[in-house]
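The values are calculated or read from the model by the stated rules, or taken from the named source; none is laboratory data. Just so it is clear, the structure is predicted and the values come from calculations on it, not from any experiment. As a convention, Cβ positions derive from the backbone with ideal geometry for all residues, glycine included, and neighbour counts pool all protein chains shown.
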């Protein structure tokens with residue numbers, strides 16, 4: 001199956017709105033139909049192909065480009081495929097798409113970049129607001145460009161592999177990406193703490209409040225407290241200790 | 001008010017609906033709003049704090065999640081409306097604390113937003129798919145716009161409600177002329193007590209970053225790297 005560059009570009013642009021129709025019945029299903037609309041319009045069996053494309057699926061929005069490519073190939077190459085077979089295959093596909101995408105992008109890549117941004121901004125608190133915006137624009141560009149390239153690569157691989165797309169879950173690049181993100185995340189988290197401490201000019205009262213907030217969040221995770229409770233506990237303890245350190 | 005509504009719509013759409021490009025993340029949205037409103041330091045303050053504190057607040061699958069991004073923008077918009085302290089020339093800590101609490105509360109209330117839109121979206125998605133199958137172009141555009149409009153209206157409406165609640169709260173606390181900023185007496189009596197807010201919350205944010213980014217088996221390595229960085233900065 002050959003998908004022209006223009007159609008691929010249109011599908012990938014539309015895939016940015018994959019969650020526009022997110023709902024409890026088919027989750028991203030209607031979003032897939034929306035993304036694949038340029039292909040569905042040309043289909044000779046539009047009604048059945050739309051139903052197949054719109055059946056239940058839920059994965060990470062960026063990793064979904066892989067599924068979009070694979071679905072496009074299967075709709076084109078396997079017209080005899082029944083709606084139920086397609087629905088079952090899409091359900092199976094949802095788990096790796098969601099699990100790998102969420103752990104790599106939501107849990108690591110995005111937090112890593114925002115922690116880097118926060119560290120940079122903290123280290124240039126005295127810079128102009130325009131400089132802050134340039135830093136944020138650079139991080140924003142880096143995030144979106146890398147994900148754009150991944151979407152494009154994923155769509156191509158998906159449309160090559162079709163029903164065998166789950167083989168990509170064993171791609172060696174995933175292990176390499178996990179390792180790189182783990183190392184970078186460690187350095188970024190350490191850098192954030194260092195820059196935070198330095199930005200307080202090593203004032204004792206500030207360091208005590210910082211330490212209290214830090215420890216309470218760590219301990220509250222151990223105690224399984226909710227984020228809301230933990231944050232207010234950290235704030236209250238930090239304020240109290242900071243005030244005591246200032247007055248004694 | 002229109003800028004607040006626009007910010008709410010953009011943040012909500014970007015957080016979980018369209019693009020998810022990071023524009024809706026507090027560190028970008030709040031700093032950008034502060035910059036546009038002429039109060040970049042307020043935007044940066046809330047941007048960094050809310051971003052780090054909600055780092056583990058993931059919008060995954062069908063899970064309910066706190067609307068930390070909308071809470072952050074509500075806090076920023078409300079704080080930007082209050083003039084800097086006449087005493088210190090900076091935003092008074094009491095204003096920042098009240099706005100922070102407002103943002104946190106609205107983030108929690110916002111947990112009900114995504115279940116609501118996902119339930120309403122069942123009907124819209126079904127009609128969209130039907131129009132798609134039947135090739136009705138005008139209907140397709142109409143249902144796409146309806147879905148987009150629902151999300152944008154929910155985001156904008158939520159932020160406007162948050163802003164109105166913030167105004168009411170600050171007016172109760174500071175009296176009718178809250179927009180002029182808290183008076184000298186309030187600033188002098190509260191700044192000393194509340195100035196620990198920034199280091200305490202930054203510490204909490206750094207803790208959240210550690211929990212989110214570094215697995216427990218790497219904590220020793222993390223401590224070593226942090227000590228080297230801090231020592232290096234101290235020497236430098």
Looking only at the stretch A:122-145, count how many residues are over 23 Å from the mean Cα position of the chain (by Cα), farther than 21 Å from residue A:194 by Cα and facing chain B (nearest Cβ under 7 Å). 1
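Table: residues versus (1) in a helix (DSSP H, G or I); (2) in contact with a helix residue (DSSP H, G or I) (Cβ under 7 Å, 6 or more places away or on another chain); (3) buried (at least 18 other Cβ atoms within 10 Å of the Cβ).
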position	(1), (2), (3)
A:102	yes, no, yes
A:105	yes, no, yes
A:116	yes, yes, yes
A:127	no, no, no
A:133	yes, yes, no
A:143	yes, yes, yes
Do we have any residue at all in the stretch B:175-198 that's within 18 Å of residue B:104 (Cβ to Cβ), part of a helix (DSSP H, G or I), within 14 Å of another protein chain (Cβ to nearest Cβ) and modelled with pLDDT of 90 or more? yes
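Okay, residues lined up against (1) farther than 26 Å from residue A:71 by Cβ; (2) at pLDDT below 90:
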position: A:113; (1), (2): yes, no
position: A:117; (1), (2): yes, no
position: A:121; (1), (2): yes, no
position: A:135; (1), (2): yes, no
position: A:141; (1), (2): yes, no
position: A:170; (1), (2): no, yes
position: A:182; (1), (2): yes, no
position: A:188; (1), (2): yes, no
position: A:203; (1), (2): yes, yes
Kindly check whether there is at least one residue in the stretch A:65-79 that is modelled with pLDDT of 90 or more and closer than 26 Å to residue B:69 by Cα. yes
Of all helices (runs of 4 or more DSSP H) fully inside the stretch A:1-89, the set with 1 or more residues that are touching a strand residue (DSSP E or B) at 6+ places or on another chain (Cβ under 9 Å) is A:29-35, A:64-77
Tell me the residue from B:157, B:162 that is touching a residue at least 12 places away in the same chain (Cβ under 8 Å) and buried (at least 17 other Cβ atoms within 10 Å of the Cβ), please. B:162
Please tell me if residue B:47 is within 12 Å of the chain's Cα centre (by Cα) and within 30 Å of residue A:14 (Cβ to Cβ). no
Checked the stretch B:199-236 for anything in contact with a helix residue (DSSP H, G or I) (Cβ under 7 Å, 6 or more places away or on another chain) and assigned to a loop (DSSP other than H, G, I, E, B); matches are B:214
Looking at this structure, is residue B:142 surrounded by 13 or more Cβ atoms within 10 Å (Cβ to Cβ), more than 9 Å from chain A (Cβ to nearest Cβ), over 26 Å from the mean Cα position of the chain (by Cα) and under 23 Å from residue B:89 (Cβ atoms)? no
Subset of the stretch B:73-98 (residues that are crowded, with 24+ Cβ neighbours inside 10 Å and assigned to a loop (DSSP other than H, G, I, E, B)): B:82, B:92
Would you mind stating whether residue B:221 is within 7 Å of chain A (Cβ to nearest Cβ), free of Cβ contacts under 8 Å to residues at least 24 places away in the same chain and surrounded by fewer than 17 Cβ atoms within 10 Å (Cβ to Cβ)? yes
For the stretch B:4-31, name all the residues that are without any contact (Cβ under 8 Å) to a residue 40 or more places away in the chain and in contact with a helix residue (DSSP H, G or I) (Cβ under 7 Å, 6 or more places away or on another chain). B:20, B:21, B:22, B:23, B:27, B:28, B:31
